[in-house]
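A.B. asks: This structure is in structure tokens; I'll ask about it shortly.
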């Protein structure tokens, strides 16, 4: 299951909504989906494996990129924040309560934005205002993620129900 989670995250990292000059990937969607579908320890370990694969150069990050430079670069904070985000999401999702899962998903994504923006600010020596504007894509990324988080929670809960019935287990 860990390998499946890491592979699924690699796929979502390559998928993007085509908007000129703005790379709107489905990475956050993948993080939330994994956090909802898989148990917290499995989803967290999946994101650790995904991050380590990318760090050693396997092209699993957006635009088929990889390498330690991605983690220590301007947007690296977003990449490693996924580990913490999926842990939070999994913690809230374990009760199988849609409202709690949504709250956990939004908290996890908020943490991702915070950690990503902090690294972006210091790496590019920006003001906080400039980093927040850049980190949210002037709001475009934020709007996309607010919508995709809700969609991922709804889809993830449906998938989890199907998996529980099909495999006679509890995810």
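A.B. asks: Going by C-beta contacts inside 10 Å, put 167, 113, 78, 123 in order with the fewest on the left. Each step should come with its number before you reach the end.
C.D. replies: Values: 167 9, 113 20, 78 24, 123 15.
With the fewest neighbours first, 167, 113, 78, 123 line up as 167, 123, 113, 78.
A.B. asks: Sort the following peptides by mean Cβ neighbour count (other Cβ atoms within 10 Å, averaged over residues), highest first: 105-111, 13-19, 27-33, 66-72.
C.D. replies: Details: 105-111: 20.9, 13-19: 13.9, 27-33: 26.4, 66-72: 15.6.
Averaged packing, sorted descending, gives the order 27-33, 105-111, 66-72, 13-19.
A.B. asks: For a quick check: sort 114, 147 by the number of other beta carbons within 10 angstrom, fewest at the front.
C.D. replies: Working: 114 14, 147 11.
Listed from fewest to most nearby Cβ atoms, that is 147, 114.
A.B. asks: Measure off 7 Å from each Cα along the Cα-to-Cβ vector at residue 165 and residue 124, then give the distance between these two points in nanometres to one decimal.
C.D. replies: Each label point lies 7 Å from its Cα, and together they span 4.6 nm.
A.B. asks: I want to check the label-to-label distance for residue 154 and residue 114. Put each point 7 Å from Cα in the C-beta direction and report it in nm to one decimal.
C.D. replies: The two pseudo-label positions are separated by 2.8 nm.
A.B. asks: Using alpha-carbon positions, what is the distance between the centroids of the range 18-89 and the range 103-131, in Å?
C.D. replies: 15
A.B. asks: Under a plain spin-label model, where a point goes 7 Å from the Cα along Cα-to-Cβ, how far apart in nm are residue 15 and residue 58?
C.D. replies: So the two model labels end up 2.0 nm from each other.
A.B. asks: May I ask you to derive the relative contact order of the range 44-163, considering only C-alpha pairs under 8 Å and at least 6 residues apart, and to give it as an integer percent? All intermediate terms of the calculation are to be shown ahead of the outcome.
C.D. replies: On the way: 134 pairs, mean separation 24.5, N = 120.
About 20 percent, as a whole number.
A.B. asks: Right, next: For n ≥ 4 DSSP H runs only, could you compute -39500 (n - 2.57) per run for the chain, divide by its residues and tell me the 222 nm figure to the nearest 500? Write out the running numbers ahead of the final one.
C.D. replies: Numbers: 8 runs with 125 residues, N = 171.
After summing the helix terms and dividing by residue count, I get -24000 deg cm²/dmol.
A.B. asks: A further question follows. Report the full-extension gain for the segment residue 7 to residue 142: residue separation times 0.36 nm, less the Cα-Cα distance, to one decimal in nm.
C.D. replies: Details: separation 135, 0.36 × 135 = 48.60 nm, distance 2.50 nm.
Answer, rounded to one decimal: 46.1 nm.
A.B. asks: Peptides 34-46, 50-62: what's the order by average Cβ count within 10 Å, highest mean first? Could the numbers behind the result be given before it?
C.D. replies: Numbers: 34-46: 23.5, 50-62: 19.7.
Result, highest mean first: 34-46, 50-62.
Read-outs throughout are calculated quantities, based only on the coordinates presented, and are distinct from any laboratory measurement. Predicted model only: the values in this text are computed from it and were never measured. No Cβ is skipped: glycine too gets one built from the backbone with ideal geometry, and neighbour counts run over all protein chains shown.
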